[in-house]
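This report refers to the structure that appears directly beneath it.
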Amino acid sequence: MPPDSPGFDESGLLNSRFVNEFPIEITPVEVSELLEQGAALRLIDVREPAEHAICHIEGAALIPMQYIPLRLNELDDPGTRIVLFCHHGVRSLQVAGWLRGQGIENCQSMSGGIDLWSARIDPAVPRY
């Protein structure tokens, strides 16, 4: 996201005033536990289609980062927790900050991305 995006300061860093009751990041272990508990959770993969073709998390929706603003209405569901992920967690953290700036407070970025998911949760998911 550009530095002037809501949720970010002039240097492009996440602005702490957009932190709410959900921490901005969530670990893959926490995501796995929530899924096992049957929590109302929506996984959004913000990587590019070519990355998604290499590996993906079963049940996650693919919405590449550049298309998030165009599909904002699909993400505005206060009753469902949104967990965003990418390769290592950088892009998804940017998207989470931007979404919070748009008023979608129930979103989080999965720290370490799909790479850490593969290392800690599901080694059947290829690493790249």
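Laboratory data are not the source of any read-out in this text; all were calculated from the coordinates shown. Fair warning: this is a prediction, and the values are worked out from it, not measured in the lab. Cβ sites come from the backbone with ideal geometry, for glycine too, and all protein chains shown count toward neighbours.
Can you tell which of Ala124, Pro49, Gly112 lies farthest toward the positive end of the dipole of the range 21-128, using +1 and -1 charges on the Cβ of basic and acidic side chains (Lys, Arg; Asp, Glu)?
Towards the positive end, the residue furthest out is Pro49.
Among Asp115, Asp77, Asp45, which comes first, then next, by fewest other beta-carbon atoms within 10 Å?
Exposure proxy ranking, most exposed first: Asp77, Asp115, Asp45.
Need one word for the range 31-75: rounded, prolate or oblate. Basis is the Cα gyration tensor (sqrt eigenvalues a ≥ b ≥ c); a/c below 1.5 gives rounded, then a/b vs b/c decides.
Here the range 31-75 falls in the oblate category.
Residues of the range 105-119 with backbone nitrogen within less than 16 Å of a virtual label 7 Å along the Cα-to-Cβ line of Glu36, please, listed as ranges.
In the range 105-119, the label zone of Glu36 (backbone N under 16 Å from the point 7 Å along Cα→Cβ) covers 117-119.
If I model a spin label at Leu70 and Val90 as a point 7 Å from the Cα along the Cα→Cβ vector, what separation in nanometres do I get?
2.4 nm
For the range 22-120, give the magnitude of the charge dipole about the Cα centre (Cβ charges: +1 Lys/Arg, -1 Asp/Glu; no others), in debye to the nearest 20.
180 debye
With labels modelled as points extended 7 Å from the Cα through the Cβ direction, what inter-label distance (nm, one decimal) is found for Glu58 paired with Glu21?
Each label point lies 7 Å from its Cα, and together they span 3.2 nm.
Starting with the fewest neighbours, write out Phe22, Phe85 ranked by other beta-carbon atoms found within 10 Å of each beta-carbon.
Least to most surrounded, the residues fall as Phe22, Phe85.
Kindly put His56, His87 in sequence by how many other C-beta atoms sit within 10 Å of each C-beta, fewest to most.
His56, His87
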